[in-house]
1. Given a cut-off of under 8 Å on Cα pairs at least six residues apart, what relative contact order in percent is computed for the chain?
2. Quote to one decimal, in nm, the extra length available between Phe33 and Glu55 on full extension: 0.36 nm per residue of separation minus the C-alpha distance between them.
3. Whole-Hz ³J(HN,Hα) for each residue in segment 31-45, computed from phi via Karplus 6.51 cos²θ - 1.76 cosθ + 1.60 with θ = phi - 60°, x for glycine and proline: what do you get?
4. Apply the Karplus curve 6.51 cos²θ - 1.76 cosθ + 1.60, θ = phi - 60°, to the phi angles in segment 9-14 and return the couplings in whole Hz, x for Gly and Pro.
5. Give the long-range amide H neighbours of Ile93: residues separated by 5 or more places, or on another chain, with amide H under 5 Å away, using H modelled in the peptide plane at 1.01 Å from N.
6. Compute, for Leu43, the solvent-accessible surface of its heavy atoms (probe 1.4 Å) with the complete set of protein chains present, and express it in square angstrom to the nearest 10.
7. Quickly estimate the mean residue ellipticity at 222 nm for the chain, helices only: each DSSP H run with n ≥ 4 gives -39500 (n - 2.57), and the total goes over all residues, rounded to 500.
8. Once Rh is set to the Kirkwood radius over Cα pairs, what Stokes-Einstein translational diffusion coefficient, in µm²/s, holds for the chain at a temperature of 4 °C and a viscosity of 1.567 mPa s?
Amino acid sequence: MAKDYFWVKEQADGTKRVGLNDEGRDELGEVSFIDVPAVGTTLKQADKFIAVEAEKAVTDVDSPIDGKITKINEAIVDDPARLNSSDMEKNWIVEVK
């Protein structure tokens, strides 16, 4: 399920940026709350990544990749509605190395 909800894009510095894709937005509906792990947290593919409250679901969503969180998009935490955008510059959640 998780890998279908996210896009993963490699950045110039070698980190990978993770964001919610169209399928994730369609399945969840409008997002109103997101709980993101702290910088330094190690993610394992298929383990819990984020918790979201959305129009169609309140759920934990699994990580699409392995790695350590190096950066969090604080704008998403402050305004989870940004996840409803298809703009990859707005709807990214974390960067992972």
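The values are calculated or read from the model by the stated rules, or taken from the named source; none is laboratory data. Note that the structure is predicted; figures quoted are calculated from it, not measured. All Cβ positions, glycine included, derive from the backbone under ideal geometry; neighbour counts span all protein chains shown. To get the accessible areas, we keep the full protein, side chains included, count just its heavy atoms, and leave off ligands, DNA and RNA. Shrake-Rupley method; radii C 1.70, N 1.55, O 1.52, S 1.80 Å.
1. Relative contact order for the chain comes out at 31 percent.
2. Working: separation 22, 0.36 × 22 = 7.92 nm, distance 1.02 nm.
Working it through step by step, the gained length comes to 6.9 nm.
3. Per-residue couplings from phi come out as 7, 10, 8, 9, 10, 10, x, 6, 4, x, 5, 8, 9, 10, 3 Hz.
4. 10, 6, 9, 4, 8, x
5. Distant-sequence amide H within range of Ile93: Val18, Gly19, Leu20.
6. 10 Å²
7. Mean residue ellipticity at 222 nm (helix-derived): -3500 deg cm²/dmol.
8. Details: Rh = 13.0 Å.
Rounded to a whole number, D works out at 100 µm²/s.
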